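FYI, it's all coordinate maths here, none of it is from the lab. Keep in mind that what you see is a predicted model, and the values were worked out from it rather than measured. Heads up, the Cβs are rebuilt from the backbone with ideal geometry, glycines too, and the neighbour counts pull from every protein chain shown.
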Amino acid sequence: MAEAERRFLDAVEKAYNDKSPTLYFSYDEDLEAIPVAIKALRETLEVLHLDNSYSLKWLPPAIGDLGRLRWLNVSYCRLNFLPVELGRLSHLERLYLSNNRLQSLPMEFWQLKSLEELRLDNNKLRFLPGGILFLPRLETLTLENNPLLTPEEVLGAAPATLVPHIMCVDCSNCCVRLRNYEVLITFHNIAALQSVPFVHCLCSQTCKQHLEVRLAEYDALHSSVKPSSPSS
């Protein structure tokens with residue numbers, strides 16, 4: 001067992017024995033992955049700081065078992081992707097992902113209904129999951145220094161060529177699990193940011209029409225000028 005993993009397991013054991021709601025394990029340059037043993041804290045853990053762990057490349061699916069988690073900080077790491085199980089953190093209020101290598105986010109982010117603050121600056125994101133638009137409590141979103149798609153790039157392009165294929169995803173309207181779907185890219189204002197690209201995956205023309213109605217209602221509430229929707 002690597003020394004960094006041993007240190008982390010010791011910290012988990014201490015937090016478990018103390019029934020502590022917080023676990024600080026920041027600035028460990030040797031930790032490459034979070035052991036699945038983190039799920040032992042599912043009944044107590046509310047705050048988890050793993051930031052500035054410069055070798056940390058992935059989070060385990062077990063992170064989704066931390067049902068009481070309110071704040072997750074994994075900024076300044078080397079994450080390339082996130083597990084879809086992150087969407088199960090229904091009590092999560094703050095999610096810090098700044099300064100990683102993320103190229104996309106799980107479409108399951110639509111489930112994070114308690115999320116108030118999402119920090120994504122300094123990654124490699126081209127777009128966001130459409131479900132983020134409808135998170136009822138989201139107030140703060142940072143996106144600086146990401147190569148986001150522009151309306152000019154999307155105009156006339158086939159959306160499926162701009163979005164990597166996902167093996168299995170929830171329909172953006174009815175939430176049915178899909179393997180075959182249509183991709184829609186739209187641009188909207190959110191949390192003081194303008195013309196942010198969002199991706200939606202849809203199971204049918206009916207769901208597409210229903211989603212377009214929801215998006216029009218969103219635009220009416222959040223912007224004085226309706227953002228463009230150059231692709232379908």
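Less than 22 Å apart at the alpha-carbon level, and either on another chain or at least 8 residues along: which lysines does that give for Lys124?
Once the sequence-local lysines are set aside, what remains near Lys124 is Lys57.
Calculate the dipole size of the range 159-223 relative to its Cα centre from +1 charges on Lys and Arg beta carbons and -1 charges on Asp and Glu beta carbons; express the result in debye to the nearest 20.
Details: 4 positive and 5 negative charges, 42 e Å.
Its charge dipole is roughly 200 debye.
Given charges of +1 on the Cβ of Lys and Arg and -1 on the Cβ of Asp and Glu, with all other atoms neutral, how large is the dipole of the range 1-81 about its Cα centre, in debye to the nearest 20? Mind dumping the intermediate values first?
Values: 10 positive and 13 negative charges, 61 e Å.
With only Lys, Arg, Asp and Glu charged at Cβ, the dipole is about 300 debye.
Could you sort 66-74, 83-91, 207-215 so that the peptide with the highest average Cβ count within 10 Å comes first and the rest follow in order? Mind dumping the intermediate values first?
Values: 66-74: 20.2, 83-91: 18.2, 207-215: 16.3.
Top to bottom by mean Cβ count within 10 Å: 66-74, 83-91, 207-215.
Between Cys168 and Lys14, how many nm apart are label points set 7 Å from Cα along the C-beta direction?
Between Cys168 and Lys14, the label points sit 3.9 nm apart.
Long-range amide H contacts for His188: which residues qualify at under 5 Å (H placed 1.01 Å from N, peptide plane, sequence gap of 5 or more or a different chain)?
Amide H to amide H, under 5 Å and 5 or more residues apart or across chains, His188 pairs with Ser195, Val196, Phe198.
Calculate the dipole size of the chain relative to its Cα centre from +1 charges on Lys and Arg beta carbons and -1 charges on Asp and Glu beta carbons; express the result in debye to the nearest 20. Working shown, then result.
Working: 23 positive and 28 negative charges, 94 e Å.
Computed about the Cα centre, the dipole is about 460 debye.
Any idea what angle helix 3-18 forms with the longest principal axis of the chain, computed on alpha-carbon atoms, 0 to 90 degrees, nearest 10?
Compared with the principal axis, the helix lies near 90 degrees.
Could you pull out every one of the aspartates and glutamates with an alpha carbon less than 18 Å from that of Lys39, ignoring same-chain neighbours closer than 8 positions?
Hits, sequence-local ones excluded: Glu5, Asp10, Glu13, Asp18, Asp65, Glu85.
What's the angle, to the nearest 10 degrees (0 to 90), between helix 205-222's Cα axis and the longest principal axis of the chain?
For helix 205-222, the angle is close to 80 degrees.
With springs only between Cα atoms under 10 Å apart, run a GNM on the chain and tell me which of Asn180, Asn17, Asn99 wobbles the most.
Evaluated over the chain, the most mobile residue of the options is Asn17.
Taking 8 Å as the Cα distance limit and 6 or more residues as the minimum spacing, I'd like the relative contact order of the range 1-119 as a percentage. Please report the intermediate quantities before stating the final value.
Values: 282 pairs, mean separation 23.2, N = 119.
The value is 19 percent.
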